[in-house]
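Undergrad: What follows is a structure written as structure tokens; I'll ask about it next.
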Protein chains: 2
Amino acid sequence: MSRFFSRALSGLEAYVPGEQPQDRSYIKLNTNESPYPPSPSVLRVINSSQAELLRLYPDPTCKRLKEALAREYGLSYKNIFVSNSSDEVLGAAFTAYCAGSGRVYFADITYGFYKVFAELQRAKVTVISLGDDLSICCRDYFDLEPGLIVIANPNAPTGIALPAEDIRKIALSNKDSVVLVDEAYVDFGGESSVSLISELKNLIVTRTYSKSMSMAGARLGFAMADPELISDLERIKYSTNPYSVNRLSLEAGIAALEEMDYYRENCKRIAMQRDKTTKELEALGFSHTESRANFIFAKSDSVPGKRLFERLRSAGILVRRFDAPRIGEYLRITVGTENDMAALVAEIERIVEDEKRTDSKKDE
Amino acid sequence: MSRFFSRALSGLEAYVPGEQPQDRSYIKLNTNESPYPPSPSVLRVINSSQAELLRLYPDPTCKRLKEALAREYGLSYKNIFVSNSSDEVLGAAFTAYCAGSGRVYFADITYGFYKVFAELQRAKVTVISLGDDLSICCRDYFDLEPGLIVIANPNAPTGIALPAEDIRKIALSNKDSVVLVDEAYVDFGGESSVSLISELKNLIVTRTYSKSMSMAGARLGFAMADPELISDLERIKYSTNPYSVNRLSLEAGIAALEEMDYYRENCKRIAMQRDKTTKELEALGFSHTESRANFIFAKSDSVPGKRLFERLRSAGILVRRFDAPRIGEYLRITVGTENDMAALVAEIERIVEDEKRTDSKKDE
């Protein structure tokens, strides 16, 4: 930090993203990317890019993509906000509703970026603890002082999902608050709140192309909400980076929606692989949350989380671990291909046995 | 604006970008894009994109692009910050140095986004007026109270450039301020301050791929500065959108640097075309600033700016006009191809004659 850096932000602790090693020699199960490539329509549109697509500014209104998303979700394009990643959507919402020390609510264990966005806006944060089973109790969110209520559903890194009816109750019980539901992982088995948008004028649902749509590299996120809330987000976007979404990603985003069956099939395969691997880990003495996301959140009954993380890394398998209260023993393991997961389970089996042997030697 | 929108930002007036009509039937001289396509190396790398480029998150450190830029500018990669457009770079700087009502200085006539960024940070703004000839007087920037000093060089929309020596004097005279020089247009004939970076620890130079590099559609901007200032910008990026630069644009940005001769040649052609068109407009009774950018800033001695703008638009030629004090009579005309500019001059000639005829009829 230089001596010029704003004192108002001197306590800002930036988000630490999962490692993106550039050598590519790892089985990469640490950042919840899809193991499957984007649909052929996406590669087709990128690989036939014309010079004009690069030379000219993008359409700042993102109208064609909004229209395509509106068709997919049974909404109007006025219900859609498009941005350069769902992180940017979240940032716009925190700015619109928390700037100038507004109130914000989120869980103690959830996506780590909410805390950073709150600090950046110098918002008043109320942390709401998950239950002992790491689930959100919807009643904890009733009748709060007006503010921004942020709920990841399914939650990260636990993967536990709330029924849409719980989101509805929370929004109805907080009519002077904006309720933002971050559905980054909903396509792997959660229940979406999108159908509630026409009823609830204070609900924002955010989505990303990074997980179920296999496009983390293209940076594309969006929000769905009542047009008035969308206009708030647009106002922030036009005050920060009106052209934030590049032309290639806009085209890729439209092309992807032409082949949704392909993505739905991938999500099914990922969910099946998740449940299969979870059972295999159970057999190796792991306990876990009921994940509805494209990751498993599990801990070993014999090997400490930190040690397991490090041994997997040495063996060429990257997973994610959060050095945080209550969850330090857990690993968050992205669901990869069948081969990835077989390699993971085999390696974990080796480590568990090896650690047991070492322990029993110590006992001798 | 919804009733939930932060009161602290209720006065926020978003930037209004130049029109991006999607029907494409205009001669488009309104947003300072390059009339020339990106180099063959760029189209090659995009058109051979592999699925992995889209499936996986980008490298948040943008290391390979930083290294390539460092080689091009004779710096270390630690001197480089890369972001999703130079608007995003500017936003990061305003956040880092103005959050919590810091001071900021910029000209009364300059890039309109500075004012928006300042409002977003609720910064204390001091506007420094241009001289009667619309040029920046460097002495007006000496010995200011500490803050962020922002200078577009060449300035927009005037196109007038300052010598690097003036930037040096300003930075030396304000050692407790950060001096940000926005060099979006420098490649068309301005003098860059990049060579001052090793000497001046309080200087940030920002650049964009949108103009001279023909890549407005890819969204890519960067800053060059002392590593300590770069780390400030990185801290803001990691607190807002660590993966803001998509993988396709990263690759395109690297590929472009392999063929810099092509871009330098384009810049020369654009500068020549600018000077030629400027002379032709002079002959039609226009006065103008001494633009060193890829646009002309000129006003007619007979047709009011608003009327000329509207008549050009009706004739299928888009230029930019700012409805602002002192410059309402001017048009900012992006330098296009030879054909574009011939069509523009011919149309202006028609309009000027037509207006004269109408005026003389009125007089009869």
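The values are calculated or read from the model by the stated rules, or taken from the named source; none is laboratory data. All values reported here derive from a predicted model rather than from experimental measurement. Every residue, glycine among them, receives a Cβ derived from its backbone with ideal geometry; neighbour counts consider all protein chains shown. Ligands, DNA and RNA are excluded from the accessible area calculation, which covers all protein heavy atoms including side chains. Shrake-Rupley method; radii C 1.70, N 1.55, O 1.52, S 1.80 Å.
Undergrad: Determine the per residue accessible area of chain A with all protein chains present and a 1.4 angstrom probe, expressed in square angstrom.
TA: Accessible surface, normalised per residue, equals 38 Å².
Undergrad: Hey, another quick one. In debye to the nearest 20, how big a dipole does the protein assembly as shown give about its Cα centre with +1 on each Lys and Arg Cβ and -1 on each Asp and Glu Cβ?
TA: Result for the protein assembly as shown is approximately 220 debye, rounded to the nearest 20.
Undergrad: Moving on to the next point. In degrees, nearest 10, range 0 to 90: what is the angle between the Cα axis of helix A:63-73 and the longest Cα principal axis of chain A?
TA: Roughly 60 degrees, rounded to the nearest 10.
Undergrad: Provide the gained length on full extension for the span A:V127 to A:A70, in nm with one decimal, where the gain is 0.36 nm per separating residue minus the Cα-Cα distance.
TA: Residue separation times 0.36 nm, minus the Cα-Cα distance, leaves 17.2 nm.
Undergrad: With axes computed from alpha carbons, what is the tilt in degrees of helix B:164-173 against the longest principal axis of chain B, rounded to the nearest 10 within 0 to 90?
TA: Tilt of helix B:164-173: around 50 degrees.
Undergrad: A further question on this structure: Where in chain A is the longest stretch that carries no trypsin sites (Lys or Arg not before Pro) classed as loop by DSSP and with at most 12 other Cβ atoms within 10 Å?
TA: A:176-364
Undergrad: Which residue fluctuates the most in chain B, going by a Gaussian network model with Cα springs under 10 Å, if the choices are B:G285, B:G190, B:G102?
TA: Maximum among the listed residues: B:G285.
Undergrad: Under 10 Å, Cα contacts only: if you run a Gaussian network model on chain A, which one of A:N155, A:N246, A:N339 comes out with the highest mean-square fluctuation?
TA: A:N339
Undergrad: Oh, and also: For every other residue with a beta carbon closer than 15 angstrom to the beta carbon of B:E234, add +1 if it is Lys or Arg and -1 if Asp or Glu, then tell me the sum.
TA: Net charge around B:E234: -1.
Undergrad: Any idea what the dipole of segment B:40-259 comes to, in debye rounded to 20, about its Cα centre with Lys/Arg Cβ at +1 and Asp/Glu Cβ at -1?
TA: Once rounded to the nearest 20, the dipole reads 680 debye.
Undergrad: Hey, another quick one. Can you pull the one-decimal nm distance between simple spin-label points at A:S173 and A:K78, each 7 Å off the Cα toward Cβ?
TA: 3.2 nm
Undergrad: How many percent of the accessible area of segment A:40-259 is carbon or sulfur, using a 1.4 Å probe?
TA: Carbon and sulfur atoms account for 49 percent of the accessible area of segment A:40-259.
Undergrad: Can you give me the angle between helix B:247-256 and the longest principal axis of chain B, using Cα atoms only, in degrees from 0 to 90, rounded to the nearest 10?
TA: Approximately 70 degrees, to the nearest ten.
Undergrad: Follow-up question, since we're still on this one. Using each residue's phi in segment A:179-194, evaluate 6.51 cos²θ - 1.76 cosθ + 1.60 at θ = phi - 60° and report the 3J(HN,Hα) Karplus result to the nearest Hz, with x for Gly and Pro.
TA: Values per residue, Gly and Pro as x: 9, 9, 9, 8, 9, 3, 10, 5, 5, 9, x, x, 10, 6, 9, 4 Hz.
Undergrad: Quick one: how many lysine pairs in segment A:101-211 have C-alpha atoms under 23 angstrom apart, if they're 8 or more apart or on different chains?
TA: Here the count comes out as 5.
Undergrad: Give me the extension gain from A:D143 to A:S302: residue separation times 0.36 nm, minus the current Cα-Cα distance, reported in nm with one decimal.
TA: Full-extension gain reported as 53.0 nm.
Undergrad: Along the Cα→Cβ direction, 7 angstrom out, place labels at B:E338 and A:K63. What is the inter-label distance in nm?
TA: Spacing of the two 7 Å Cα→Cβ label points: 3.5 nm.
Undergrad: At A:D108 and A:S41, where each label point lies 7 Å from the Cα along Cα→Cβ, what is the point-to-point distance in nanometres?
TA: 4.5 nm
Undergrad: Using R₀ = 60 Å, calculate the FRET efficiency as 1/(1 + (r/R₀)^6) where r is the Cβ-Cβ separation of A:M1 and A:S360; round to 0.05.
TA: Efficiency, from the Cβ-Cβ distance: 0.75.
Undergrad: A:S85's amide H: which non-local residues (gap 5+, or another chain) put their own amide H closer than 5 Å, with H modeled 1.01 Å from N in plane and none for Pro or chain starts?
TA: So A:S85 has HN proximity to A:L220, A:G221.
Undergrad: Given R₀ = 25 Å, FRET efficiency for A:S135-A:D323 by Cβ-Cβ distance, to 0.05?
TA: For A:S135 and A:D323, the calculated efficiency is 0.70.
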